[in-house]
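*Asks:* Could you have a look at this structure, given as structure tokens, before my questions?
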Amino acid sequence: MLEVLIADDSDMVRERLKDLIAEIDGTEVVGEATNGPDTVELIGHLEPDVLILDIRMPVGNGIDALKAIKREISDPIVIMLTAYAYPQYRQRCLEAGAAYFFDKTTEFERVMDVLEHLCRQRDGSPDQPLSESHERASRADFCKRSDTCKRSDTCRNAISGESRKERR
């Protein structure tokens, strides 16, 4: 099971993500956060495989939460999903360790493409490359080829078939 934590201050966005994720076999939303500090705390307790993270939230922000998570806690696959998809934010997030960066207003469903891709990898199904627009929206070297994710430590751990808690 691919465990997902959603961190976004919008109830509507969280509900929509939960609905879409529920349609993907092999995924489970294990928690929700509405601000940066709660996100960092939940990552430490829940140890999800994937974090879907907004940049702008009340009390702390997603970039600071991302840095804290990558530096101090764990190494989930982080998907930034924001309405503030400016190039400088994209660069800061990818440099801080995010695997993907998507614009909420135009690329919302790309998150589902990524989750489906990770589930196929985990299940050992024949992999299909992610779409060209996905490749442009993600880190340049992360999923250029269908087998790239298998070589990424973060991704390899997420698709190994065991949760982060089981690996400890």
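*Asks:* Is it fair to say residue 59 is surrounded by fewer than 20 Cβ atoms within 10 Å (Cβ to Cβ), closer than 20 Å to residue 110 by Cβ and aliphatic (A, V, I, L, M)? Lay out the reasoning, then the answer.
*Replies:* Values: surrounded by fewer than 20 Cβ atoms within 10 Å (Cβ to Cβ): yes; closer than 20 Å to residue 110 by Cβ: no; aliphatic (A, V, I, L, M): yes.
So residue 59 does not fit the description; no.
*Asks:* Where in region 28-103 are there helices (runs of 4 or more DSSP H), lying wholly inside it, with at least 2 residues that are under 14 Å from the mean Cα position of the chain (by Cα) and closer than 16 Å to residue 17 by Cα?
*Replies:* Where helices (runs of 4 or more DSSP H) fall fully within region 28-103, none carries at least 2 residues being under 14 Å from the mean Cα position of the chain (by Cα) and closer than 16 Å to residue 17 by Cα.
*Asks:* Same structure again: How many residues are in contact with a helix residue (DSSP H, G or I) (Cβ under 8 Å, 6 or more places away or on another chain), surrounded by 18 or more Cβ atoms within 10 Å (Cβ to Cβ) and charged (D, E, K, R) when one looks only at region 68-108?
*Replies:* Final tally of qualifying residues: 2.
*Asks:* Looking at (1) modelled with pLDDT of 95 or more; (2) crowded, with 19+ Cβ neighbours inside 10 Å; (3) over 15 Å from residue 60 (Cα atoms), find the lone condition where residue 28 falls short.
*Replies:* (2)
*Asks:* Specify which of the listed residues (6, 21) is assigned to a helix (DSSP H, G or I), in contact (Cβ under 8 Å) with a residue 40 or more places away in the chain and either more than 12 Å from the chain's Cα centre (by Cα) or within 16 Å of residue 115 (Cα to Cα) (or both).
*Replies:* Matching residue, one of 6, 21: 21.
*Asks:* Restricting the search to region 66-104, which residues are in contact (Cβ under 8 Å) with a residue 40 or more places away in the chain and within 21 Å of residue 15 (Cα to Cα)?
*Replies:* 77, 81, 100, 104
The values are calculated or read from the model by the stated rules, or taken from the named source; none is laboratory data. Predicted model, so just to flag it, every value in this text is computed and none were measured. Cβ coordinates were reconstructed from backbone atoms using ideal geometry, including for glycine residues, and neighbour counts include every protein chain displayed.
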